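Trainee: Have a look at the structure that comes next, please.
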């Protein structure tokens with residue numbers, strides 16, 4: 001079983017606590033169904049919950065439940081704990097951008113926002129970094145995880161360790177023929193809305209251990225190349 005679902009539509013807008021509670025109850029039910037089977041249970045989760053701002057996160061880092069996302073971290077801990085109930089559990093941490101054709105994630109939202117408001121914005125100097133991965137490379141990793149991972153494994157689905165947010169904003173500006181603009185923290189909160197807290201964060205991440213252990217070799221286009229060549233929401 002591979003669990004990819006999450007209510008991002010409400011988690012970053014109206015009901016973050018409800019989104020995390022829904023996921024917790026879902027993984028609890030799935031875990032109960034798989035108990036004693038030794039079957040794989042792979043859970044996808046974001047890298048943004050790790051308390052390692054400003055340094056490169058690795059697979060050995062652990063998140064501590066706190067704030068609005070605390071219940072989701074508890075869901076991850078619950079899934080990993082199912083290893084003690086004869087479930088081959090593993091967790092794949094994903095970057096904030098898993099890009100590719102028909103992407104509907106954070107970067108397309110930034111494109112839509114820049115198209116609507118005029119500038120393609122970033123916070124401060126824009127040198128904070130977002131890791132990234134192409135969706136086909138991520139899919140390959142989920143397959144390898146389901147096939148090979150031992151119980152309790154944590155992996156990173158990261159192809160690019162960190163892309164400067166300013167470069168993302170400039171890539172969007174080039175695509176749209178729009179200007180770029182640096183915003184201070186207060187202005188960014190009003191401009192970016194529900195996911196403003198992500199746009200200024202610096203959370204590069206490594207996948208060295210994942211690549212070494214599973215032979216994962218991401219080969220898809222990088223985020224900026226995909227942004228320049230891909231389709232974008234209108």
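Trainee: Using the count of nearby Cβ atoms within 10 Å as a rough guide to exposure, how do 137, 184 rank from fewest to most?
Mentor: Listed from fewest to most nearby Cβ atoms, that is 184, 137.
Trainee: Test of understanding: ordering 183, 209 by Cβ neighbours within 10 Å, fewest first, what list do you get?
Mentor: Neighbour counts put them in this order, fewest first: 209, 183.
Trainee: A further question follows. Expressed as a whole number of Å, what is the distance separating the alpha-carbon centroids of region 183-234 and region 83-161?
Mentor: 7
Trainee: For the chain, take the longest principal axis of its alpha carbons; what is the angle in degrees between that and the long axis of helix 106-117, to the nearest 10 within 0 to 90?
Mentor: For helix 106-117, the angle is close to 20 degrees.
Trainee: How much length, in nm to one decimal, is gained on full extension between residue 56 and residue 25, taken as 0.36 nm per residue of separation minus their Cα-Cα distance?
Mentor: Taking 0.36 nm per residue and subtracting the Cα distance, the gain is 8.0 nm.
Trainee: When only Cα pairs under 8 Å and 6 or more residues apart are kept, what is the percent relative contact order across region 2-229?
Mentor: Relative contact order for region 2-229 comes out at 25 percent.
Trainee: Run the numbers on region 1-64 and let me know its relative contact order in percent, using alpha-carbon pairs under 8 Å that are six or more apart.
Mentor: This gives 37 percent for region 1-64.
Trainee: What is the extension gain from residue 64 to residue 174, computed as 0.36 nm multiplied by their sequence separation minus the C-alpha to C-alpha distance, in nm to one decimal?
Mentor: Length difference between fully extended and current span is 35.7 nm.
Trainee: Okay, helix-only estimate at 222 nm for the chain: each DSSP H run of n ≥ 4 adds -39500 (n - 2.57), divide by all residues, round to 500 deg cm²/dmol; what do you get?
Mentor: -12500 deg cm²/dmol
Trainee: Pull out the extension gain between residue 9 and residue 185, defined as 0.36 nm times the separation in residues minus the alpha carbon to alpha carbon distance; nm, one decimal.
Mentor: Contour length minus Cα-Cα distance gives 61.0 nm.
Trainee: As I understand it, the value is the acute angle between the Cα axis of helix 135-148 and the longest principal axis of the Cα atoms of the chain; what does it come to in degrees, rounded to 10?
Mentor: Approximately 10 degrees, to the nearest ten.
Trainee: Based on the alpha carbon coordinates of region 1-60, what radius of gyration and maximum Cα-Cα distance (Dmax) apply, in Å?
Mentor: Spelled out, the Cα radius of gyration and Dmax of region 1-60 are 14.1, 40 Å.
Trainee: Let me ask you something else. Which three extents, in angstrom, do the Cα atoms of the chain have along their principal axes, listed largest first?
Mentor: 57, 36, 32
Trainee: So, one more: Would you mind computing Rg(Cα) / (2.2 N^0.38 Å) for region 86-129, counting N as its residues?
Mentor: My calculation over the Cα atoms of region 86-129 gives 1.69.
Trainee: A further question follows. Running a GNM on the chain with Cα contacts under 10 Å, which residue among 178, 33, 205 ends up with the highest mean-square fluctuation?
Mentor: 33
Trainee: Points 7 angstrom from Cα along the Cβ direction at residue 148 and residue 197: gap in nanometres?
Mentor: 3.5
Trainee: Based on other C-beta atoms within 10 Å, arrange 208, 20, 150 from fewest to most.
Mentor: Lowest to highest Cβ neighbour count: 150, 208, 20.
Bear in mind that the values in this text are calculations on the coordinates, not laboratory data. Note that the structure is a prediction, hence the values are computed from the model and not measured. Positions of Cβ are backbone-derived with ideal geometry, glycine not excepted, and every protein chain shown enters the neighbour counts.
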